[in-house]
Amino acid sequence: MDVPSLPLTLCAHARLAHSLRAAYDERQRAAGRQSWPTAPIFTLDAWLERLWATGGDRMLLTNLQEQLLWHQIIAAHAAGRELLDLDATAAAAADAWRLAQHWNLPLTGEACQEREETAAFSVWAEEFQRACRRQEWITTAGLPATIAARLPAAALPAAMQWVGFDELSPQLHELVSALRTAGVSVDVATPSAEPVCPEVTQFSDPGAELQAVAAWARNLVEQNPAAHIGVVVPGLAAHRSTVERIFLEVFHPRRPPWDDAPRAFHLSLGPPLAEAPAIAAALQLVELFSTRGLVESSAALAWIRSPFLAGSETETAARARLEQEIRGQQRELWRWYDLARLTARHGPALAASLRRARAVVRRWPQRQAHQPWAESWAALWESLGWPGERPVESAGWQTIAAWQRLLDDFGRLDQVAPAPVDSAAALTRLRRAAAARPLQPQAAPAPVQILGWLEASGLEFTHLWICGLDEQTLPAPPHPHPFLPLALQRERNLPHASAAREAEVAQRLWQRLLCSSPDVQASFAASDGEGRPQLPSPLLAGLPLRHSPAVLPATQTADQETLDDHLAPPATEPERRAGSGLFLDQSACPFRAFAHQRLHARAAPALAVGLPATVRGALLHRVLCDLWAGPDAGDFSAARIERLAAAAVAAERRLAGRPGLAATEGARLAAAVLAWCAIERQRRPFHVLATEDCLTAAFAGLELHLRRDRIDELEDGSAMGSLVLLDYKSGECSTGAWAGPYPEQPQLPLYLVTEPRRAQVAAITFAQVRSGDMALVGVERSPGTLLSEPFAHPKWMLSWEDQRARWDRELHALAEEYLRGEARVEPRQRTSCEHCDLHALCRIRERRAPDPGEEEEADAAAG
């Protein structure tokens, strides 16, 4: 069966070329053909490069090579050496060169001296041209003019059509004229359909607008799965993550974020290649293993957690334990030797890959050219098992293929800059190249295409919605190029040169979009994301406006049912053994007690510079305990306290090899304990019965294992009791923490009601060992039991016996809640969530509206 011939078709952008090829292939399948020639459909740039590859006599520079050449020229120039960001300047210079070539701008003469920037670019451009002539190089921007000047007749088709070009630059006009002169029939296609009148809708804000657009698109897909639906979002690159999130919520509400299944929508603008997880991991691995000295804990943990390494699936549990051990040591820096020793205990595959990688890195020279660096990095990635054990889906393979193309381009930099560079400079170049290269995998066909303002040109849809049409967005504000003379840009009518030019382009694109579908919707938001009012775009002038219609919600695929499942199975026998932390958790939030005590769920310790607060508190407890031990018990001399502090610091493994921090921590401890001894001297006569006293008690069906910080005995005790229970605290304390049915700090009341000699207890008190605010904070059976000045009597406090009975009842109630499986997410104090580590598990921040005070505190902490 003969296949109808198709003229050579040149497209303005890659998406249009892909769409036309897909439509052509679909027509062949519909005609019953099993095979057919590939459609001659290309982008204009791709066709010019193919044409040059068959007969060009100079090397065509890649974009990466061209930018590096600009970088070298600018860096060698006196004005360039003063610039802070040479890479950004080189990119801007390459863009100015492209504009000058396309619009035939002169780069010398009086006009180029109007500003310091234009004069500098004129000098750079002259040197760039000399370098290209000397080395016989040509840039992509110069191809149309060069090919127009010497068209190879044998390689030209009889006819061609240009599609999706809303405007031809002077350079392209000359190319079209040269092609026609050479006998080629060139048809520059224009829209054939008449523009339709769109329905225009105003929404309150951009979020509501996108929600409505997504719901509209889903309803259309459900009515007609074969529909071709377009959504145009001006400035899509800046809003990509928001658009993607909203469309995922509407189209695939139950799909987890990591699911790679095909979607019903496709975004045209992909993220930079450097942001693809596998590529970001590859760059991090090079940076990590290039470190010849100490390794930061955060970098080591990123390596251990990476899913793109050998053994990442089979050693998941072992690597989690390794991470816990590294976090637990609270070290800021690690030697490779220590990391190797730890990995050998936890993960053989990780340990083996570490040995291989270190062997590879030891063979690296200090400096080498770009291609050898690319080969060295490839050997490193292979030794580590990158990209990992997980099956790679289509999008993943396309990402890796794009990465390989970038590495090939990176290796070809040696043709422009053959001088060797060190690893850091080479990696910086690769990282910036990956950040500048967009990743756009060819996704499976999707009924909904989400496009930018320029990318929709030339495409056709059954339904189209153009959103974001406010006056701030369209027409876009002018931004003439800083390296080109402004007067010349306006005279030649260059892109972005003036407000009139932007209005003209916006109107032309608007009219083309109105011709691309029989059903066009348009919309804008009456306020921006910050709540500032905004007006509709002038493009909408004269069109009837409707306000936020009741857009049908996306159809639910199944009925939803809410289950209040807050009751876990009753506690088992092993789960009945607990410490005072159970009551602290249960009083704060039942779910916290369930997660901590029964699920053994704990967030990984946060990495911190210095010692974490828990370790510093433990050191203080150690010194205060030792203060009352041995034959020198009660000796408050400065020399003894300094010795005790030094001994505690020396025994702390997290301070090993950190003499500066150890000395600072020892001095802090000694000063705090010495200040605390002044409070001890003010007390009525007593002696210490026990420190770190352990007690096993049966209470409310629980087997409790308690450790009391200290028990004192008053030497002048009476029938009112002689025992004092103390609990050391390094933070601010208040007896209000014992009030109510859900006390914030229930430990001391628990110690009181479980103490076998509770009838003899005369007081319970916090020992607040806080710099600048040392104090005993508690309640006493009889005024003046501890100090000559009695404690203030709290308003909530009953008589001693009645209060002890109340605490007994309240603590029994908490124990019974735990035992029967109460696990409701229910913070019972204002501060319950402040220091909780379970936010990711209980999801309370997603379940409730944030308190303004909490938001202010979080903002202050972040600032």
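Restricting to DSSP loop positions (anything but H, G, I, E, B) with no more than 14 other Cβ atoms inside 10 Å of their own Cβ, which chymotrypsin sites (Phe, Trp or Tyr not before Pro) remain in segment 744-827?
The qualifying sites are 796.
Assign one of three labels to segment 268-317, namely rounded, prolate or oblate, based on the Cα gyration tensor with a ≥ b ≥ c the square roots of its eigenvalues; rounded applies when a/c is under 1.5, prolate when it is not and a/b is larger than b/c, and oblate otherwise.
Working: a/c = 2.67, a/b = 1.30, b/c = 2.06.
Oblate is the answer for segment 268-317, as a/c is 1.5 or above yet b/c matches or exceeds a/b.
Pick out, in residue order, every one of the GluC sites (Glu not before Pro) in segment 771-828 that is DSSP loop and has at most 10 other C-beta atoms within 10 Å; say none if there are none.
Numbers: sites: 780, 801, 810, 816, 817, 822; in loops: none.
In loop regions of segment 771-828 (DSSP not H, G, I, E or B), there are no sparsely surrounded GluC sites (Glu not before Pro).
Given R₀ = 30 Å, FRET efficiency for residue 651-residue 314 by Cβ-Cβ distance, to 0.05?
Working: r = 38 Å, r/R0 = 1.26.
Plugging the Cβ-Cβ distance into 1/(1 + (r/R0)^6) gives 0.20.
Which of the peptides 446-452, 215-221 is most tightly packed, and how do the rest follow, judged by the mean count of other Cβ atoms within 10 Å per residue?
Values: 446-452: 22.1, 215-221: 20.4.
The peptides rank, most packed first, as 446-452, 215-221.
Each label point is 7 Å from the Cα along the Cα-to-Cβ direction; what then is the distance between the points at residue 732 and residue 831, in nm?
Between residue 732 and residue 831, the simple spin-label model gives 0.9 nm.
Quick one: length gained pulling residue 227 to residue 110 fully straight, 0.36 nm per residue minus the C-alpha distance? Let's see the in-between values first.
On the way: separation 117, 0.36 × 117 = 42.12 nm, distance 5.66 nm.
The residue 227-residue 110 span can extend by a further 36.5 nm.
Measure off, as a whole percent, the carbon and sulfur share of the 1.4 Å-probe accessible area of segment 62-138, all protein chains present. Show your work: numbers first, answer last.
Values: 1910 of 3860 Å².
Roughly 49 percent of what the probe reaches on segment 62-138 is carbon or sulfur.
Tell me the angle of helix 86-102 to the major Cα principal axis of the chain, expressed in degrees between 0 and 90 and rounded to the nearest ten.
Once rounded, the angle reads 20 degrees.
Taking all protein chains together and a probe of 1.4 Å, list 729, 795 from the most accessible to the least accessible.
Largest accessible area first, the list is 795, 729.
If you plug each phi of segment 57-63 into the Karplus form 6.51 cos²θ - 1.76 cosθ + 1.60 with θ = phi - 60°, what whole-Hz ³J(HN,Hα) values come out, in order, with x for Gly and Pro?
10, 10, 6, 7, 6, 6, 4
What do you reckon, how do 167, 455, 642 stack up by accessible area (1.4 Å probe), largest on top? If you can, show how the numbers build up before the last one.
On the way: 167 70, 455 40, 642 110 Å².
Ranked from most to least accessible, the order is 642, 167, 455.
Residues of the chain: accessible area per residue at 1.4 Å, in Å²?
On the way: 42390 Å² over 863 residues.
Computed with neighbouring chains in place, this is 49 Å² per residue.
How long is the gain from residue 422 to residue 375 if the chain were fully straight, where each residue apart is worth 0.36 nm and the alpha carbon distance is subtracted?
15.5 nm
Quick one: grab the alpha carbon gyration tensor of segment 423-518, order the square roots of its eigenvalues as a ≥ b ≥ c, and give me rounded if a/c is under 1.5, else prolate or oblate depending on whether a/b is larger than b/c.
Values: a/c = 2.81, a/b = 1.09, b/c = 2.57.
Oblate is the answer for segment 423-518, as a/c is 1.5 or above yet b/c matches or exceeds a/b.
As a check on your grasp of the helix formula, calculate [θ] at 222 nm for the chain: sum -39500 (n - 2.57) over DSSP H runs of n ≥ 4, divide by the residue count, round to the nearest 500. Don't jump to the answer; show the numbers that get you there.
Numbers: 29 runs with 376 residues, N = 863.
Computed ellipticity for the chain at 222 nm equals -14000 deg cm²/dmol.
Only Lys, Arg, Asp and Glu count, each charged at its Cβ (+1, +1, -1, -1), so figure out the dipole size of segment 313-394 about its Cα centre, rounded to 20 debye. Before the final figure, lay out each step's value.
Values: 14 positive and 10 negative charges, 100 e Å.
Its charge dipole is roughly 480 debye.
Using a 10 Å cut-off on Cβ atoms, rank the peptides 225-237, 462-474 from the highest mean neighbour count down. Please report the intermediate quantities before stating the final value.
Details: 225-237: 19.2, 462-474: 22.1.
Top to bottom by mean Cβ count within 10 Å: 462-474, 225-237.
So what's the projected area for segment 62-138, the Cα convex hull averaged over all directions, in nm²?
On the way: hull surface 20.1 nm².
Dividing the Cα hull surface by four gives the mean projection, 5.0 nm².
Which of the peptides 702-710, 112-120, 68-76 is most tightly packed, and how do the rest follow, judged by the mean count of other Cβ atoms within 10 Å per residue?
On the way: 702-710: 18.0, 112-120: 15.9, 68-76: 20.2.
By packing density, highest mean first, the sequence is 68-76, 702-710, 112-120.
Nearest 10 degrees, 0 to 90: what angle lies between the long axis of helix 852-862 and the longest principal axis of the chain (Cα atoms)?
The answer is roughly 80 degrees.
So, with +1 on the Cβ of K and R and -1 on the Cβ of D and E, and no other charges, what is the size of the charge dipole of segment 274-436 about its Cα centre, to the nearest 20 debye?
Details: 21 positive and 17 negative charges, 108 e Å.
About 520 debye.
Shape verdict for segment 653-711, please, from the Cα gyration tensor: rounded (a/c under 1.5), prolate (a/b greater than b/c) or oblate.
Numbers: a/c = 4.26, a/b = 1.42, b/c = 3.00.
Verdict is oblate for segment 653-711.
For segment 762-829, with all protein chains present and a 1.4 Å probe, just round the carbon and sulfur fraction of the accessible area to a whole percent. Working shown, then result.
Working: 1450 of 3070 Å².
Within segment 762-829, the accessible surface is 47 percent carbon and sulfur.
Could you tell me the calculated FRET efficiency between residue 671 and residue 177, based on Cβ-Cβ distance and R0 = 60 angstrom, to the nearest 0.05? Write out the running numbers ahead of the final one.
Details: r = 87 Å, r/R0 = 1.45.
According to the calculation, E is roughly 0.10.
Does anyone have the angle between helix 613-626 and the longest principal axis of the chain? Alpha-carbon axes, 0 to 90°, nearest 10?
Between the helix axis and the principal axis of the chain, the angle is about 20 degrees.
The values are calculated or read from the model by the stated rules, or taken from the named source; none is laboratory data. Remember, predicted model here, so these are calculated numbers, not experimental data. No Cβ is skipped: glycine too gets one built from the backbone with ideal geometry, and neighbour counts run over all protein chains shown. When the accessible area is computed, the model is the full protein with side chains, heavy atoms only, and any ligands, DNA or RNA have been set aside. Shrake-Rupley method; radii C 1.70, N 1.55, O 1.52, S 1.80 Å.
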